[in-house]
Amino acid sequence: IEDVCSSSSKSTAFIPRSFWGSELTLLLVTKLLQRPIYLVVAPSGLADASYQIFKPIRKVTSTHELMSAGEFKYGGESVGQWLTSLQ
């Protein structure tokens, strides 16, 4: 987690997969940093890439305020939404 948290937040930053472990790790880091994490998974090239955003989520109930994180997947026609969110 330290390697991920100390990495650059520039849109061109690259973090090797061995550092981010799993989606659960990214959800935890998103929750801790309270910042979205944009992810491109392209093990066999960008032609078959999948795109994800891990976003912090604030949930408010009548008695509690909770901080959480959610995972949102984009592919096919919706990749434009991922890019717009990144900009």
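The values are calculated or read from the model by the stated rules, or taken from the named source; none is laboratory data. Keep in mind that this is a model prediction, so the values were computed, not measured. Glycine also receives a Cβ, built like all others from the backbone with ideal geometry; neighbour counts cover every protein chain displayed.
If you scan the range 49-82, which residues turn out to be of a type in the set (Ser, Thr, Tyr) and closer than 17 Å to Pro36 by Cα?
Within the range 49-82, Ser50, Tyr51, Ser68, Tyr74 meet the criteria.
Between a residue in the range 11-32 that is free of Cβ contacts under 8 Å to residues at least 12 places away in the same chain and of a type outside the set (S, T, N, Q) and any residue that is surrounded by 10 or more Cβ atoms within 10 Å (Cβ to Cβ) and in a loop (DSSP other than H, G, I, E, B), which pairs come within a Cβ distance under 9 Å, given they are 6 or more apart or on different chains?
Correct list of pairs: Ala13/Ser7; Phe14/Ser7; Gly21/Ile1.
Please work out which residue is modelled with the highest pLDDT, limiting yourself to the range 1-18 and to residues that are within 27 Å of Lys59 (Cβ to Cβ) and of a type outside the set (Gly, Ala, Ser).
Cys5
Please go through the range 19-47 and pick out each residue that is surrounded by 14 or more Cβ atoms within 10 Å (Cβ to Cβ), at pLDDT below 90 and part of a loop (DSSP other than H, G, I, E, B).
Across the range 19-47, there are no qualifying residues.
Residue by residue through the range 48-81, note down the ones that are of a type in the set (D, E, K, R) and either at pLDDT 80 or above or under 13 Å from the mean Cα position of the chain (by Cα) (or both).
Taking the range 48-81 and keeping what is of a type in the set (D, E, K, R), we get 48, 55, 58-59, 65, 71, 73, 77.
Correct list: Asp48, Lys55, Arg58, Lys59, Glu65, Glu71, Lys73.
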